[in-house]
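Notes to accompany the following structure.
The values are calculated or read from the model by the stated rules, or taken from the named source; none is laboratory data. Because the structure is a prediction, the values reported are computed rather than measured. Glycine gets a Cβ as well: all are built from the backbone with ideal geometry, and neighbour counts include every protein chain shown.
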Amino acid sequence: MQYRLLTNMSYKLFIPGPIAVSDKTLRAMAQPMIGHRSPDFVALYQSIQPDLQALFYTQDPVYLSTSSGWGFMEGSLRNLVQKKVLCCMNGAFSDKWIDVAQRCGIAAGALKFEWGQPIDPETLRTELATGQYDAVTLIHNETSCGCVSDLPALAAVLRQFPDVISIIDTVSSFSAMPIKKDELGIDIMLTGSQKALALPPGLSLISPSKRALARAALSKTRGYYFDLIEFQKNHEAGMTPSTPVIPLIYALKSKLADIKAEGADVRYARHARLNQTMRSWAFAKGFTLFPKEGHGSVSLNCFANTLKVDLSALNKILKSKHGLVIDGGYGKLKGLTFRISNMGDETDETIAALIQSLDSALAELGVK
């Protein structure tokens, strides 16, 4: 089966993000424009808060920012680090945290693990026990290598250090698996629109704890655009500090309705099932999973290229003849791994069609 080639787009994305966006979601973005300081916008903003809080498993507010996730990631550092931040690093995106901190003039330490290895809770505990740090950054689901760390175990360690603010990136795990913010004691939980939420890029979401807001209020270097105190003031009025990307908020409202109709638990189970379907196919071919066993992502798979397939040639065939694209490895793993997303709106049928296309393309390259 080949994917239908859309009139406005020549291929379907199975990369870790951005991912394919449904026609329903795209139509939601085409609604008439409203003023961002109007009662209509206030009604829109406030209408989505209950469903957002439910997905974040929180009683705290959820702010909306017209930015990529990195906007709020940098903003969190500016708002919350007064002494030194510990950056937990096990892949390309978590490795970036320390660079961002240092560019902001913020003291930072590195807790390094090999790409594909999860963040170890006991090593985290030992480092925090030095008393050097008042904040920690970590990426729950490191997409560069498809590795998910044990967030409940890490959160249990973080709760033992009440002066340390936790800043958790859930960009590629949010809405693909349950992440219970309040129960875990997460101070900053942030995500973006373009991964498991299956929206276009350009919107980030962040939920701060009361503890985080109290810390932010003391910061003199938090700037304006990502000032958590400004976000809170505007949130209380049903607004955002700066002009928001209103079409994406309409899309978010539509997506939240989809998730509610499907049921969160059903959604999580669907992601896990499709993820396993892709693994079963890859293992049968002779590929292996790149991350440590038991720590593979549920929203994508990062496979080791054990068969030494020409991944560039594979993607050319997939794109030109089957109307789809996978990822040929990120950063230093380019060519050594390949990543296939199963997040968002994918179904048993779309994954089956993907596998059929992969089989055909691999056969063309001489891989049976």
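Condition check ((1) within 26 Å of A92 (Cα to Cα); (2) of a type in the set (F, W, Y); (3) outside any helix (DSSP H, G or I)) across all residues:
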position	(1), (2), (3)
G294	yes, no, yes
C302	yes, no, yes
K316	yes, no, no
T350	no, no, no
Q356	no, no, no
D359	no, no, no
A363	no, no, no
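Selection of the range 5-29 for residues being assigned to a helix (DSSP H, G or I) and more than 20 Å from N342 (Cβ to Cβ) yields L26, R27, A28.
Scan the range 347-367 and report the pairs whose first residue is closer than 22 Å to I19 by Cα and whose second residue is part of a helix (DSSP H, G or I), with Cβ atoms within less than 6 Å and a gap of 6+ or a chain change. So the pair list comes out as I351/L274; I351/T277; I355/W281; S357/H322; A361/L314; A361/I317; A361/L318.
Scanning for something over 18 Å from R211 (Cα atoms), touching a residue at least 24 places away in the same chain (Cβ under 8 Å) and not assigned by TED's automatic domain parsing to the domain that holds T288, does the range 153-167 turn up at least one residue? Break it down stepwise before answering.
The first filter runs over the range 153-167 and keeps only residues over 18 Å from R211 (Cα atoms), leaving 153-154.
Next, only the ones that are touching a residue at least 24 places away in the same chain (Cβ under 8 Å) stay: 153-154.
Those left that are additionally not assigned by TED's automatic domain parsing to the domain that holds T288: 153-154.
So far as the range 153-167 goes, yes, one or more of its residues are over 18 Å from R211 (Cα atoms), touching a residue at least 24 places away in the same chain (Cβ under 8 Å) and not assigned by TED's automatic domain parsing to the domain that holds T288.
Any idea how many residues of the range 284-302 are under 25 Å from F113 (Cβ atoms) and either free of Cβ contacts under 8 Å to residues at least 60 places away in the same chain or not assigned by TED's automatic domain parsing to the domain that holds E346 (or both)? So the count comes out to 4. Among the criteria (1) touching a residue at least 40 places away in the same chain (Cβ under 8 Å); (2) part of a loop (DSSP other than H, G, I, E, B); (3) over 20 Å from M343 (Cα atoms), the one P32 does not fulfil is (1).
Look at (1) out of contact with any Gly (no Cβ under 6 Å at 6 or more places or on another chain); (2) buried (at least 18 other Cβ atoms within 10 Å of the Cβ); (3) over 21 Å from A198 (Cβ atoms) and you find that R78 fails only one, number (1).
Residues in the range 40-94 that are over 17 Å from V164 (Cβ atoms), among the β-branched types (V, I, T) and in a loop (DSSP other than H, G, I, E, B): T58, V62, T66. Between Y250, Y224, the distinction of being surrounded by fewer than 18 Cβ atoms within 10 Å (Cβ to Cβ), in contact with a helix residue (DSSP H, G or I) (Cβ under 8 Å, 6 or more places away or on another chain) and not assigned by TED's automatic domain parsing to the domain that holds A352 belongs to Y224 only.
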